[in-house]
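Single-structure report; data block below.
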Amino acid sequence: METNKLRQEYINFFKEKNHKVFPSDSLVPDDTSVLFTSAGMNRFKPYFLGEAKGVSSAVSCQRCLRTGDIERVGKTPYHHTFFEMLGNFSFGDYFKKEAIAMAWEFLVEKLKINKENLWVSVYKDDKEAFDIWKDEIGVPVDKIIKLGQSENFWPANVIDAGPCGPCGPCAEIFFDRGKSKGCQKDSCNPSCGCARFVEIWNLVFTQFDRQPDGSLKALPQKNIDTGMGLERMASVLQNKDSNFEIDILAPARDELKKILKLPADFNKNYLVNSIVDHARAVIFSVADGVYPSNEERGYVVRKLLRKALWGANLIGYKEPFIYKLIPLFVELMQKPYPFIAEKAQIVEKVVKAEEEKFILTLDEGKSKLKEYLDQLKKEKKKILSADKLFFLYDTYGFPFELSETAAWEFGVGIDKKGAVKLLAQQKERSRAGSKFSPEIFKKDYSLLAGKEPTKFTGYENFEISAQITDIFSLKGTKIDGKDKRQLLKKGQKGVVILNKTPFYTEAGGQLSDRGVIKTSQGRFYVENAYRIGAESVACHQGEVIEGVIKEEKAKAVVDKKRRKALARAHTATHLLQASLREILGEHVSQQGSLVDEDRLRFDFTHFKGLDSSQIERIESLVNFYILKADKVCKEKLSFQEAKKKGALAFFKEKYGDEVRMVSISDYSKELCGGTHLDNSSEIAGFAIAAESSVSSGIRRIEAVVGSKFYQAFRDQKNKLIDLAKMLKCSPVKLKPALAKKIKSHKDCKSRMVKLEKEKVSDIAEKLINKYLEPAGGTSLLIYNFTEIDSLDLNYSNFFDLADLLKDKLESFFAFFIGRQNSKLRFISFCSKDLNDQGISCKDFINSVKDELPLKGGGTDKLAQGVVTRKDRDLTPKIKSYFVRFLGNESN
């Protein structure tokens, strides 16, 4: 049975049994607790938890990505990073009896698998499941294996080790490949772990709620969560020994062997298998909008791509190749996943660019890694240290897992835990320069314990009445219990906490509001506002500028001018992202931002730098959106509803059940808690100030809006006026005037170069006619251009002089002294025939460095350096020493 048919047969079977069909979700889940969709049940968590209603049973074929078994991929027949999971689910509808019966019916009646080849395992204390298999399905008792909680309970070992929460026993179905496979022992069964038995289906019966004391309490709603690996089941039906031999993977493996030019007797198929797996994972990840980077999901993709390139490099292939597999994977996978064909072009560009970047450093990094491993072998050590791992990562871009693979080849391990710690320390150092630290209360979080989250009223109001609830003095950067105060006096710095606030606290890249807190006895200037801890308490940091501040009623007043400038920049950021996605493609997604007063910075995914045409188009489109004067709408709705409406979510943010969506016409919809304008026209204007690289696959645009846009425009205009004055023309004629000036400069430079060449040629003739001397079968030319009444030639022209002399003289040695940037420098060169006789300029300099004030180096043909001190007799000394050197070399 073809894999595509198996997939559809499974869906149709459960659809006929009243299961709602769900198409595969993206590899990028809505659930922010996980990086990737790693199981079919991920998308159904709201149904399992009773938060979502309306569906009692479901079926899906979900594309998944896991890296927990990455080191086993290729080395075993069945492990993958990217795979498809068939699953049927019940949310309080049916339970064990029905789930087991349907599984057996599908395998035996639909797929026509001989039931004699099927075994099952159950949790050792799950008598109910055991009896269903034995009495109702008719599986012989000797083919029902009872296993413990580490094998047949979900999560594994949950009873003894936790965590608390929903859990339950499992039943697993195995296919027996026959006694000729695996260990071949008569006692072999699914608990053996050899290659004879293939686990093809796992049925999880979620029926308990684990309590803190380890006891299991029955759940009011019992659920079913099943998973059948598509590739694994296909290998059984297609009678293959490995998943990599099935119809949707074997062609890729064959194509890869052709690309890598592997011989027919190549015996490291585990490398080929792992490369095929990683390539498919990378292609689907990029198609789902995950670009290679050094953070989170992007790091996983980069790791997989580099491991694949590393595997090919070990084989001896050193060119980009993964991108060449994309058309084939499109052909193999587009029937169930048509989007892969639509994204093929952008995927190819991203993958190829990432491959090319890594290959540039791969050989050098590989040499360094081999040096480390050889040293370990010499020292008879078994662990590659954390500092060396981190150096390979930081310098050559080697993921820790890649180094681990190479170490495995050498039979040694790695200190991955220590390397991860070093990486975390580096990231912490890079954050240390931030404007403020939300860990200001680090010494004593109990100061804020039990406080209610501070309500934000600033969307509607710039000024409110509030109550000062707490006051702390601030002398350094941290606060503890000793810093709590009854009042602050003029000039004292501190933190004021209100029961509610109109001040927007720094979040999502937008800087905080500033303003004043007024009381009957004083005024407190708010410089920063931010939230602390799980309590989400708003802290207002600043200084008393008048009178005293005590715990009493107050007026909190936001600086309207700053708020408006921040809003202009933030709304412009949304227009920028919409424009980037329109012009560069929908692969663009936000990776970070800074929203300041009429200034913004936006980091986004893209595989290469932008050219001037693209920058101009982006800038023009943003300004077009501004001129459209579209209304900026803000509404609160559920997260799922916002996603259905097409809202963009930023992965690093944690979203609750209710979210705020900011929409501008039909071209921009984003989940955003920041402050915004009411109409796009209020931005006034937008100009890109800079475009640059943040890291591989991440670009940055810096731009100005509002008052800073006008300032930039005025500055540019004034520069043009000043330039026109310098060229003595009107601004409208600046371009032709500048072109004329540039042409004149080029003509002048050409004449100067010609004169310089004539001068060098003239000096060469004078040197040959007056200063060339015979010496030991060759000619010697030594001259100091720094002496009084000497010939006039810049040191920069010495190399041109050397080329001319080589054309004019057959056999010679030359040594010139000149001045460059107030330093005395020398150059020494000789003809090829002297090199052939073993005479070397470099060796000559080395032979006299202890006797003459010369310091330098070079090659046999040419040496150069500095004269370390003045010596009136240096020229005759050089002649004398060279004649001696010539004699020694001849001998």
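The values are calculated or read from the model by the stated rules, or taken from the named source; none is laboratory data. No experiment lies behind these values; they were computed from the predicted model shown. Because the Cβ atoms are built from the backbone with ideal geometry, glycine has one as well, and the counts that use them run over all protein chains shown. With ligands, DNA and RNA removed, areas are computed over all heavy atoms of the protein, side chains included. Shrake-Rupley method; radii C 1.70, N 1.55, O 1.52, S 1.80 Å.
In whole angstrom, note down how far apart the Cα centers of region 582-613 and region 700-742 are.
Cα centres, region 582-613 to region 700-742: 26 Å.
List the pairs from LYS53/LYS451; LYS5/LYS352; LYS134/LYS185 whose alpha-carbon separation is above 27 Å, in the order I gave them.
LYS53/LYS451; LYS5/LYS352
Could you state the angle between the C-alpha long axis of helix 296-315 and the longest principal axis of the C-alpha atoms of the chain, as a value from 0 to 90 degrees rounded to the nearest 10?
The two axes meet at around 70 degrees.
Starting from the 7 Å offset along Cα-to-Cβ, what nm value, one decimal, do you get for the label separation of THR32 and VAL866?
Using points 7 Å along Cα→Cβ, the separation is 5.7 nm.
What percentages make up the Cα-Cα pair-distance distribution of region 625-769 when the bins are 10 Å wide from 0?
9, 18, 21, 16, 12, 11, 6, 5, 2, 0
Pairs of alpha-carbon atoms within less than 8 angstrom and 6+ residues apart define the contacts here; what relative contact order does the chain have, in percent?
6
At most 10 other Cβ atoms within 10 Å and a DSSP loop assignment: could you name the trypsin sites (Lys or Arg not before Pro) in region 246-320 that fit?
LYS261
Remind me, what semi-axes does region 296-419 give for its equivalent ellipsoid, largest first in whole Å, using sqrt of 5 times each Cα gyration tensor eigenvalue?
Taking √(5λ) for each eigenvalue gives 32, 14, 13 Å, largest first.
Please work out the Cα convex hull volume for region 787-891 and give it in Å³ per residue.
Per residue, the Cα convex hull of region 787-891 comes to 103 Å³.
Work out how much length ALA218 to ALA101 would gain on full extension: take 0.36 nm times their residue separation and subtract the Cα-Cα distance, in nm to one decimal.
Result: 39.8 nm gained on full extension.
Sum -39500 (n - 2.57) across every DSSP H segment of at least 4 residues in the chain, then divide by the residue count to get the 222 nm mean residue ellipticity, nearest 500.
That calculation yields -11500 deg cm²/dmol at 222 nm.
Would you calculate the convex hull of the Cα atoms in the chain and tell me its volume per residue in Å³?
280
Work through the residues other than LYS759 whose Cβ is under 12 Å from its Cβ and net out their charges, Lys, Arg +1 and Asp, Glu -1.
-3
Pull out the extension gain between ASN117 and LEU791, defined as 0.36 nm times the separation in residues minus the alpha carbon to alpha carbon distance; nm, one decimal.
Once the chain is fully extended between ASN117 and LEU791, it gains 232.8 nm.
Going by alpha carbons, how many degrees (0 to 90, nearest 10) lie between the helix axis of 96-105 and the longest principal axis of the chain?
Helix 96-105 and the main axis of the chain meet at about 70 degrees.
How high is the FRET efficiency from LYS740 to LYS378, r the C-beta distance, R0 56 Å, rounded to 0.05?
Using R0 = 56 Å, I get an efficiency of 0.20.
Give me the percent of accessible area attributable to carbon and sulfur for region 1-126, probe 1.4 angstrom.
For region 1-126, the apolar C and S fraction of the accessible surface comes to 46 percent.
Place +1 on the Cβ of every Lys and Arg and -1 on the Cβ of every Asp and Glu in the chain, take the dipole about the Cα centre, and give the residue among LEU824, GLY494, THR675 whose Cα lies farthest towards its positive end.
Value computed over the given set: LEU824.
How long is the gain from VAL732 to CYS633 if the chain were fully straight, where each residue apart is worth 0.36 nm and the alpha carbon distance is subtracted?
Stretched fully, the VAL732-CYS633 segment lengthens by 31.4 nm.
Efficiency by 1/(1 + (r/R0)^6): what FRET value for LYS770 and GLU371, r their Cβ-Cβ distance, R0 = 60 Å, to the nearest 0.05?
0.65
Considering only protein heavy atoms and a probe of 1.4 Å, how much of the accessible area of region 320-387 is carbon and sulfur, as a whole percent?
Carbon-and-sulfur percentage of accessible area, whole number: 52.
Say each of ALA684 and GLU128 gets a label point 7 Å from the Cα, pointing the same way as Cα to Cβ; how far apart are those two points in nm?
Each label point is offset 7 Å from its Cα along the Cβ direction, giving 6.9 nm.
Assigning unit charges at the beta carbon (Lys, Arg +1; Asp, Glu -1) and nothing else, what dipole magnitude in debye, to the nearest 20, does the chain show about its Cα centre?
2760
Determine the per residue accessible area of the chain with all protein chains present and a 1.4 angstrom probe, expressed in square angstrom.
Accessible area per residue: 49 Å².
Over region 785-871, with every protein chain in place, what whole percent of the accessible area is carbon and sulfur at 1.4 Å, could you tell me?
42
With labels modelled as points extended 7 Å from the Cα through the Cβ direction, what inter-label distance (nm, one decimal) is found for GLN334 paired with THR457?
Distance between label points: 5.9 nm.
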